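Working notes, beginning with the structure itself.
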């Protein structure tokens, strides 16, 4: 259960108490072997640094958890995990050279990361050339995954499915809407998601009556909103700051569909801080939320993971931190199932992975994409984001339709 209304000090106090009561990793006294070093490519500076720093904490939490339970076990011997972290500066060219350095100079034969699609697009071919398994917490673009790299695996659901949960959720309502409009940023990734969303919505019987892009970072989308005003559902695929602007302009223009849905924004604190009551009833897609009630076969559940993470780092994990922890755990399990550190054997174990985790099911298709995991939907209700979809993991029910600006 997510409790963002608590003060941070109170949250951490609860986290410390809950962590003390949470299931601890089983510690078995076994001989200690050599350290297992895993190269980790992250965007710690530059334009993607915020998400990269969260991913770093997610990896470090996993490293500490594994070592606390005795390490990675190979043939009855525990091996401590050590992450060899390198910064790609959010630059694809540097991601490629950094990956090369980790493999050729540092002799890392297993890799984690990168933490976003742009850097993954350049790091993955390097890992492929050297036949080094790479488990990414940030690769989700179908443009990357459709290369069918043999050694790249991503714990994320493919980006093309980013808005499918929102479409499924609205079509489960009674009466279900008949029409939707799609606004999207002009960057290639947003266009990729918008096109996939339109195809999926039409196939499900939700008619897309309008679709148009806007320049990323633009301050005026009144023209697009005016053209979309007749649709029952308005979906925006872009960035959190753009979603704030869109809602502000929609309120000024008194445009009121039955639902506003966003690819990014409603789960973030700044979204509700900037919009206040105007944020209520909006929905947004996310790869994970602390309230997700996923069945688990390994590690902690979402609730105890979130609280333990908060106790260690002083804030709650987001989807980027959770994805990193899940990627690290997936690699650990693959090593142990392979009973080897040989890259080819670990790669085969990764390809056969079928694991239920706090992050959702992890099972890779022939592209290395996580084919089994859904993208979740959060809704701002009474000023805070709650998980509403899919129903089997949700903590609250959707509030639909939007009652209008005056009743928010």
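Coordinate-derived values only; no laboratory data. This one's a predicted model, so the numbers in the text were calculated from it and none came from an experiment. Using ideal geometry, Cβ is built from the backbone for each residue, glycine included, and neighbour counts are taken over all protein chains shown.
Side notes on the structure shown:
- With Cα atoms as the point set, the chain shows a radius of gyration and Dmax of 21.3, 68 Å.
- For segment 226-368, the relative contact order works out to 18 percent when only alpha carbon pairs closer than 8 Å and six or more residues apart are counted.
- Orientation-averaged projection of segment 341-408 equals 6.9 nm² [convex hull of Cα atoms, one quarter of hull surface area].
- Stokes-Einstein D for segment 235-346, Kirkwood Rh over Cα pairs, 37 °C, 0.692 mPa s (µm²/s): 197 µm²/s
- In nm, spacing of pseudo-spin labels at residue 35 and residue 199 (7 Å Cα→C-beta vector): 4.6 nm
- By the Cα gyration tensor, segment 222-275 has an equivalent ellipsoid whose semi-axes, rounded to whole angstrom, run 18, 11, 10 from largest to smallest.
- Relative contact order of the chain: 19 percent, from C-alpha pairs under 8 Å at least 6 residues apart in sequence.
- Binned Cα-Cα distances of segment 29-181, short to long, each 5 Å bin given as a whole percent: 2, 9, 16, 17, 16, 12, 9, 7, 5, 3, 2, 1, 0
- When the inverse distances between all different Cα atoms of segment 78-141 are averaged and flipped, the Kirkwood radius reads 11.7 angstrom.
- Packing-based ranking, highest mean first, of 67-73, 369-375 given that Cβ atoms within 10 Å are counted: 369-375, 67-73
- Gain upon complete extension [residue 68, residue 100; 0.36 nm per residue less C-alpha separation]: 8.5 nm
- Extension gain from residue 315 to residue 172, taking 0.36 nm per residue of separation minus the Cα-Cα distance: 48.1 nm
- The modelled label-to-label distance between residue 351 and residue 337, using points 7 Å beyond Cα along the C-beta direction, is 1.3 nm.
- In plain terms, the chain from residue 143 to residue 77 could stretch by 19.7 nm, reckoned as 0.36 nm per residue minus the Cα-Cα distance.
- Cα-based shape type of segment 35-101, given that a ≥ b ≥ c are square roots of the gyration tensor eigenvalues and the cut on a/c is 1.5: oblate
- Across segment 259-312, the volume of the C-alpha convex hull divided among the residues equals 106 Å³ per residue.
- With the simple model of a label 7 Å out from the Cα in the direction of the Cβ, residue 297 to residue 276 spans 5.0 nm.
- Each peptide among 160-170, 286-296 gets the average number of other Cβ atoms lying within 10 Å of its residues, and from highest to lowest they stand as 160-170, 286-296.
- Computed from Cα atoms, the angle from the helix 117-130 axis to the main principal axis of the chain rounds to 30 degrees.
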